[in-house]
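Peer 1: If you scroll down you'll find the structure; I have some questions about it.
The values are calculated or read from the model by the stated rules, or taken from the named source; none is laboratory data. Please read these numbers as outputs of a predicted model, since none were measured by experiment. Don't worry about glycine lacking a Cβ; one is built from the backbone with ideal geometry, like all the others, and counts go over all protein chains shown. All accessible areas refer to the heavy atoms of the entire protein, side chains included, with ligands and DNA or RNA removed. Shrake-Rupley method; radii C 1.70, N 1.55, O 1.52, S 1.80 Å.
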Amino acid sequence: MAQTYLDDLRRRREEILERVDIALGHAGRSREDVKIMAVSKTVDIDAAADAVRAGYTLLGENRPQELVRKFEGLHAIDDLPQVRLDMIGNLQKNKINAVLGHAEVIHSIESLDLARAVSQRVSRRLEAGEFFAPQQVLLEVNVSGEESKSGFAPEALRACIEDLMELSGISVRGLMTMAPRGSKEVAAKTFAGLRELRDELEGVYPSLTLSELSCGMSEDFDVAIEEGSTLIRLGRVAFNPSFALQ
């Protein structure tokens, strides 16, 4: 029987799980501690559906219009296992309404201004009876300080966290970051910085629970897990069987 793309996705997922288990073992953690997201931004609906059949229950999209297209396309496929879609890319204010109702979690709240805009739109839908719960979000933090990366500077987040906690239309579940590429040592320092910031904020604000740490991608997910990541975002390594596991 000819090897199919679905077979390739299943084989690669098993390879990823083996790497995940090794990293979890180093950290003294269990598989239940980490979610694996397949970032489907570069593939079509059929390939995304195959990823779900291969065992992924969480997909991530970078662009609002593609998130909506995948959401509608996947939900139209009969007998496809249940899948959650999250928004992980930059979110412009004029795209907020498109994302609401399609993304279970928005990972890319990068400023107080954006958080307020999302909260306001959700609050209106809550008042209208269209929504029944706040939008779950993660706060994007630029731990590394790279100018090319978006997100709260750690000090800026410390300064406005109380304002963020007061927004009734969003529920802050955790933090997200991206590490500089090319060095696992630098990546590990970045992910450790995110974890330490989470621990600090939870210590100062006992009512704040930042249980999700979304960090780690195709090149550095193992070190992210060792530093406390609870959600890794895998694109090429999941969907491209020829992409070398680092």
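Peer 1: Out of all the residues in the stretch 74-90, which are open to solvent by 10 Å² or more (accessible area, probe 1.4 Å) and either within 18 Å of Arg233 (Cβ to Cβ) or small (Gly, Ala, Ser) (or both)?
Peer 2: Of the stretch 74-90, the ones open to solvent by 10 Å² or more (accessible area, probe 1.4 Å) are 75-84, 88, 90.
Selection gives Ala76, Val83, Arg84, Ile88, Asn90.
Peer 1: Of the residues in the stretch 48-75, how many are among the charged types (D, E, K, R), in contact (Cβ under 8 Å) with a residue 12 or more places away in the chain and in a helix (DSSP H, G or I)? Steps first, please.
Peer 2: First, pick out the residues of the stretch 48-75 that are among the charged types (D, E, K, R): 50, 53, 61, 63, 66, 69-70, 72.
Checking which are in contact (Cβ under 8 Å) with a residue 12 or more places away in the chain leaves us with 50, 53, 61, 63, 66, 69-70.
Restricting the remaining residues to those that are in a helix (DSSP H, G or I) gives 50, 53, 66, 69-70.
The qualifying residues number 5.
Peer 1: Within the bounds of the stretch 218-228, is there any residue that is open to solvent by less than 10 Å² (accessible area, probe 1.4 Å), part of a loop (DSSP other than H, G, I, E, B) and either of a type outside the set (D, E, K, R) or under 20 Å from Gly60 (Cβ atoms) (or both)?
Peer 2: Within the stretch 218-228 (the criterion being open to solvent by less than 10 Å² (accessible area, probe 1.4 Å), part of a loop (DSSP other than H, G, I, E, B) and either of a type outside the set (D, E, K, R) or under 20 Å from Gly60 (Cβ atoms) (or both)), the answer is yes, since at least one residue qualifies.
Peer 1: Can you work out which of the residues in the stretch 160-187 that are open to solvent by 20 Å² or more (accessible area, probe 1.4 Å) and small (Gly, Ala, Ser) is modelled with the lowest pLDDT?
Peer 2: In this case the residue turns out to be Gly182.
Peer 1: Follow-up question, since we're still on this one. Given the residues Ser218, Ser211, Ser229, which is the only one that is under 25 Å from Arg12 (Cβ atoms) and without any contact (Cβ under 8 Å) to a residue 40 or more places away in the chain?
Peer 2: Ser218
Peer 1: As an exercise: evaluate Thr42 against (1) out of contact with any strand residue (DSSP E or B) (no Cβ under 9 Å at 6 or more places or on another chain); (2) surrounded by 14 or more Cβ atoms within 10 Å (Cβ to Cβ) and give the number of the one condition it does not meet.
Peer 2: Going through the list (1) out of contact with any strand residue (DSSP E or B) (no Cβ under 9 Å at 6 or more places or on another chain); (2) surrounded by 14 or more Cβ atoms within 10 Å (Cβ to Cβ), Thr42 breaks only (2).
Condition check ((1) outside any loop (DSSP other than H, G, I, E, B); (2) of a type in the set (Lys, Arg); (3) within 27 Å of Gly228 (Cβ to Cβ)) across all residues:
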residue	(1), (2), (3)
Arg13	yes, yes, yes
Glu18	yes, no, yes
Leu24	yes, no, yes
Met37	yes, no, yes
Val43	no, no, no
Asp46	yes, no, no
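Peer 1: While we're here: Among the residues of the stretch 122-157 satisfying the criterion of being under 19 Å from Gly169 (Cα atoms) and polar (S, T, N, Q), which is surrounded by the most Cβ atoms within 10 Å (Cβ to Cβ)?
Peer 2: Among them, the one singled out is Gln135.
Peer 1: State all residues of the stretch 26-35 that are part of a helix (DSSP H, G or I) and under 24 Å from Ile88 (Cβ atoms); if no residue qualifies, say none.
Peer 2: Within the stretch 26-35, Ala27, Arg31, Glu32, Asp33 meet the criteria.
Peer 1: Separate question: Just wondering, is there one or more residues in the stretch 95-115 that are surrounded by fewer than 16 Cβ atoms within 10 Å (Cβ to Cβ), touching an Asp or Glu at 6+ places or on another chain (Cβ under 7 Å) and charged (D, E, K, R)?
Peer 2: Within the stretch 95-115 (the criterion being surrounded by fewer than 16 Cβ atoms within 10 Å (Cβ to Cβ), touching an Asp or Glu at 6+ places or on another chain (Cβ under 7 Å) and charged (D, E, K, R)), the answer is yes, since at least one residue qualifies.
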